[in-house]
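Q: Here's a structure for you.
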Amino acid sequence: MANAYIARVLSELESRYYHEPEFLQAAREMLLSLSPVFDQHPEFERAGLLERFVEPERVLIFRVPWVDDAGRAHVNRAYRVQFNSAIGPYKGGLRFHPSVTLGILKFLALEQTLKNSLTGMPLGGGKGGSDFDPKGKSDNEVMRFCQSMMNELYRHIGADTDVPAGDVGVGAREIGYLYGQFKRLTALNGGAITGKGLSYGGSQARTEATGYGLMYLTDAMLRHNGMDIQGMRAVFSGSGNVSIYAAEKAAQQGVRVIAMSDSLGFIHDEAGVDLNVVKQIKLKERGRISEYPARAGRGAYREGASGVWELACDLALPCAMQNELDGRSAARLIANGVRAVAEGANMPCTLEATALFQDAGVLFASGKAANAGGVAVSALEMSQNSQRLSWRFDAVDGELRDIMNRIFDTISRTARQYATPQDYVAGANIAGFLKVAEAMMAQGQV
Ligand code: NDP
Ligand code: 2IT
């Protein structure tokens, strides 16, 4: 039974934002696991804490006009959701994808707030992006779009106020163009954006951080439950930044990576996916994963991204998009004997899929904990920028591993204290929320 205060706030939210289904899904998942906390803290209701928490502090919406290579003008919509700054400057990525809406960015910003809290670093939560589709655009078109977007965004961000980074469709190329324009407009160097190139203030291991961190946390979760990751067979969705570096770390851990996907289909290679070929196709050439069998000389391709969940595996690692793994796919994975699921993407499992995994006793780590390594190394990039230093790869990677182990300890301890020992979803939501709640309570009710 949900705590009465939580039930009321959720029902008000559902009637106010019925047109933002992803935001409601994220809010519902978080709020329902907070009942044991609110039963112990009646002062939160008197302070209107939840009503404040579920509304972003500020939302910026603006147009981004740009001109294509043929001289034709286009206009996209762009957003920055500054969700919560109780524990530090707003921090979170920018997504460029045609599906981007305010509701999707609100779900991402809400989750980012709890994720950033879990890292243990002083980071608030934010997210932004645009419905611009970088696919099929020339480098110059992407550059002009990024410059035009920054012409508005620059006045709302800064190293101590709001620090964007990458997300879907925003990688090294886009960050470079965005940062260049920020610097032209403000004359400020420093930490207003993370994910920067190594030659201009970026951190070692930021490119790898989300994927590596995902596998450090997965390893910690398996070890805690008496299992050994070595020799397990893993299926990854996506073949972008998160998926590729997660698969790279998995291979180093002795895992056999048997499948990866993109938005159109997936490859299956029982011998172990050749990641150099995937990097060449997806990162360098921005091509389709369907090219893999011909280029690698082995493996098979099948149309339809969700087919990847029909393969038998020990580990399922969704690293692509929200709601990419539904109840049907979860049931199939369970029937095929999956042992653990960890979310590299943000909210890739539907509420139904998550419930099925948990009820079946499959170890399940939600994105707020599992993919927090990216933003954690972003915080290390901010520290290095402030110090005017560049740390070595091994130093950053070692710190990342410690952070992921600490996050697992935190969610595991919190699950034991407030829920059931393996309910890492509740563990992440409660531990992430409590720190933000304490900071909000301490700072007064405005
Ligand atoms: P990228 O843009 O680098 O890659 C996205 C990948 O997902 C591409 O391979 C894309 O395929 C694929 N994809 C998109 N939609 C679908 C779909 N419906 N089904 C299957 N595959 C799909 O993004 P990232 O790797 O950076 O981000 C992936 C996820 O991880 C997102 O949920 C993001 O929010 C999350 N995340 C990212 C972090 C980061 O540091 N980058 C940090 C924490 C979380 P295609 O090439 O066909 O478009
Ligand atoms: O979802 C995420 O955590 C990210 N896209 C990374 C955010 C960041 O600020 O590094």
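The values are calculated or read from the model by the stated rules, or taken from the named source; none is laboratory data. If you're wondering where the values come from, they're calculated on a predicted model, not measured in any experiment. We place every Cβ from the backbone using ideal geometry, glycine too, and count neighbours over all the protein chains shown.
Q: Report yes if some residue within segment 239-253 is surrounded by fewer than 16 Cβ atoms within 10 Å (Cβ to Cβ) and either within 16 Å of ligand 2 (Cβ to nearest atom) or more than 25 Å from S366 (Cβ to Cβ) (or both); otherwise report no.
A: There is no residue in segment 239-253 that is surrounded by fewer than 16 Cβ atoms within 10 Å (Cβ to Cβ) and either within 16 Å of ligand 2 (Cβ to nearest atom) or more than 25 Å from S366 (Cβ to Cβ) (or both).
Q: Do you know which residues across segment 388-422 are within 22 Å of V377 (Cα to Cα), among the polar types (S, T, N, Q) and outside any helix (DSSP H, G or I)?
A: Correct list: S390 only.
Q: Considering V278, V235, V242, which residue is out of contact with any Cys (no Cβ under 7 Å at 6 or more places or on another chain), among the β-branched types (V, I, T) and either at pLDDT 95 or above or within 13 Å of ligand 1 (Cβ to nearest atom) (or both)? Step through it out loud before you land on a result.
A: Details: V235 fails: out of contact with any Cys (no Cβ under 7 Å at 6 or more places or on another chain); V242 fails: out of contact with any Cys (no Cβ under 7 Å at 6 or more places or on another chain).
After applying the criteria, what remains is V278.
Q: On to the next question. Within segment 178-185, can one find any residue that is within 16 Å of ligand 1 (Cβ to nearest atom) and of a type outside the set (S, T, Y)?
A: Within segment 178-185, one or more residues are within 16 Å of ligand 1 (Cβ to nearest atom) and of a type outside the set (S, T, Y).
Q: Please list, ordered by residue number, the helices (runs of 4 or more DSSP H) wholly in segment 308-377 having 1 or more residues that are within 15 Å of ligand 2 (Cβ to nearest atom) and closer than 30 Å to D402 by Cβ.
A: Values: elements: 327-335, 351-359, 367-370.
Result: 367-370.
Q: Let me ask something else about it. Of E152, E174, which residue is among the acidic types (D, E) and within 15 Å of ligand 1 (Cβ to nearest atom)?
A: On the way: E152 fails: within 15 Å of ligand 1 (Cβ to nearest atom).
Just one listed residue meets the conditions, E174.
Q: For M227, all conditions in the list (1) within 21 Å of the chain's Cα centre (by Cα); (2) away from ligand 1 (no atom under 16 Å from the Cβ) hold save one; what is the number of the exception?
A: (1)
Q: Enumerate the pairs (first residue in segment 226-248 and free of Cβ contacts under 8 Å to residues at least 40 places away in the same chain; second residue anywhere and among the small types (G, A, S) and within 16 Å of ligand 2 (Cβ to nearest atom)) with beta-carbon separation below 6 Å, excluding pairs fewer than 6 apart on the same chain, so at least 6 apart or on different chains.
A: Y245/G211
Q: Quick one: G136 ticks every box in (1) of a type in the set (G, A, S); (2) more than 21 Å from G344 (Cα to Cα); (3) more than 16 Å from ligand 1 (Cβ to nearest atom) bar one, so which box is it?
A: (3)
Q: So, restricting to helices (runs of 4 or more DSSP H) that lie completely within segment 92-210, which ones have at least 1 residues that are under 24 Å from D69 (Cβ atoms) and not aromatic (F, W, Y)?
A: The qualifying helices (runs of 4 or more DSSP H) are 139-153, 172-186.
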